[in-house]
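These notes concern the structure reproduced below.
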Amino acid sequence: MTSISSHVDVLTGSYTPDTGGEGVGLTALRLTPEDGGLSAVDAVAASGASFLAAHPTLPVVYTTHESTPGAVGAFALQEGAAPTPLGAPLTSGGANPCHLTVHPGGDYLLTANYGTDTLPGTVAVHRLDADGRLSDLTDVVEHKGSGPVTGRQEGTHAHQVLVDPAGRYILATDLGADTVFTYQLDVTTGKLKPVAVSRLRPGSGPRHLAFTPAGDLVLSADELSSTVTCHRYDAETGTLHELSRVPATAVADIPNQPGGIVTSACGRYVWVTNRGADTVAAFGITGTALEPLGEIPSGGSWPRGLTAAPGHLLVANQHSGTVAVLGVLGDGRLEEAKVVVPVASVVCALVV
């Protein structure tokens with residue numbers, strides 16, 4: 001929801017003391033697109049709110065409660081007031097839920113559970129009531145696989161679940177297995193049907209995907225190899241096929257883990273956060289090739305979440321506890337942050 005035409009409402013999620021952070025949970029901010037101004041409005045407690053997703057038609061947002069065992073919660077949005085819990089949190093269907101999305105029909109919530117060293121990554125489905133409340137858990141699918149990176153890939157770690165642009169397939173990235181699992185959702189039963197498995201480059205550790213608007217290309221932020229990869233997406237089979245890849249950062253001699261990834265509305269640019277280099281990098285998409293367009297400081301340390309807002313990108317800097325507002329130029333390059341707002345242990349942002 002937007003308050004008035006000159007303002008955009010933003011909700012951020014943070015780790016809380018019970019989940020290893022110092023944040024409150026959910027913090028409401030207000031962005032002024034004209035000048036990139038950002039100010040805090042209100043906050044509400046929400047344990048381990050590491051990712052947020054909006055309902056497509058209702059004033060409701062959903063959050064992960066990243067813990068073991070994990071949970072997911074729903075919050076109602078109200079103009080001029082803090083979000084309010086919409087019923088009690090429910091089990092997430094696994095451990096450490098780190099990403100979620102609402103199916104386009106608005107009837108189901110899909111959650112990626114990262115798992116632990118001993119518990120596998122899973123994807124879970126919850127039915128949603130007519131008012132957006134969480135209802136029964138309709139399915140949980142367990143990923144299987146591993147990768148070559150010691151200490152990170154002994155087992156599966158689901159990291160993102162999203163619906164393809166056509167609304168036909170559900171894709172789940174798995175950092176531990178170097179794999180994207182593809183499913184179809186039965187909208188009557190809420191069950192997931194396995195459709196395809198895309199094996200990505202060994203040791204890449206795919207974290208998040210971002211489609212171009214046409215839906216024929218999908219970009220991956222590869223956490224373990226510190227790369228950005230352009231894949232062709234086969235909309236008929238739901239599979240990914242690597243076309244090109246580039247380093248996520250030009251900063252040398254610093255261990256780096258790409259985090260958030262966003263494509264432009266025009267489909268010509270992609271941006272990615274770099275945890276370690278503490279930058280946001282811009283790339284041009286020319287055909288199937290990626291062209292580095294430079295990178296700028298993230299406005300803090302350990303930039304995790306990246307969110308598109310009108311004329312800007314919002315960066316959630318986890319370790320510094322700051323949300324930075326970056327300007328986006330017409331050629332895809334970025335302007336350094338002129339506005340940085342403190343939000344403790346912030347890891348994600350959502351334009352609501």
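The values are calculated or read from the model by the stated rules, or taken from the named source; none is laboratory data. Just so it is clear, the structure is predicted and the values come from calculations on it, not from any experiment. We place every Cβ from the backbone using ideal geometry, glycine too, and count neighbours over all the protein chains shown.
Before we move on, is residue 349 small (Gly, Ala, Ser), crowded, with 23+ Cβ neighbours inside 10 Å and more than 19 Å from the chain's Cα centre (by Cα)?
no
When residue 143 is evaluated against the numbered criteria (1) within 20 Å of the chain's Cα centre (by Cα); (2) touching a residue at least 40 places away in the same chain (Cβ under 8 Å), which criterion, by number, is the only one it fails?
(2)
Those residues that are under 21 Å from residue 214 (Cα atoms) and part of a strand (DSSP E or B), I need them from the range 276-288; list them, please.
Let us first name the residues in the range 276-288 that are under 21 Å from residue 214 (Cα atoms), namely 282-288.
The answer is 282, 283, 284, 285, 286.
Hey, among the residues in the range 205-239 that are within 17 Å of residue 288 (Cβ to Cβ) and of a type in the set (D, E, K, R), which one's surrounded by the most Cβ atoms within 10 Å (Cβ to Cβ)?
222
Specify which of the listed residues (265, 282, 337) is of a type in the set (A, V, I, L, M, F, W, C) and within 29 Å of residue 199 (Cβ to Cβ). Quick ask: steps written out before the conclusion?
Working: 265 fails: within 29 Å of residue 199 (Cβ to Cβ); 337 fails: within 29 Å of residue 199 (Cβ to Cβ).
Of the residues listed, the single one that is of a type in the set (A, V, I, L, M, F, W, C) and within 29 Å of residue 199 (Cβ to Cβ) is 282.
Among what's in the range 164-184 and is within 12 Å of residue 238 (Cβ to Cβ) and polar (S, T, N, Q), pick the residue that is farthest from the chain's Cα centre (by Cα).
Out of the qualifying residues, it is 184.
So which of 151, 176 is assigned by TED's automatic domain parsing to the domain that holds residue 110, outside any strand (DSSP E or B) and surrounded by 21 or more Cβ atoms within 10 Å (Cβ to Cβ)?
Matching residue, one of 151, 176: 176.
Look through 12, 64, 27, 68 and report the one residue that is in a loop (DSSP other than H, G, I, E, B), β-branched (Val, Ile, Thr) and touching a Ser or Thr at 6+ places or on another chain (Cβ under 7 Å).
Going through 12, 64, 27, 68 in turn, the sole match is 68.
Restricting to the range 1-51, count the residues that are among the polar types (S, T, N, Q), touching a Cys at 6+ places or on another chain (Cβ under 8 Å) and closer than 14 Å to residue 83 by Cα.
Residues of the range 1-51 that are among the polar types (S, T, N, Q), as a first pass: 2-3, 5-6, 12, 14, 16, 19, 27, 32, 39, 47, 50.
Next, only the ones that are touching a Cys at 6+ places or on another chain (Cβ under 8 Å) stay: 12, 50.
Right, trim to closer than 14 Å to residue 83 by Cα and you get 12.
The number of residues fulfilling the criteria is 1.
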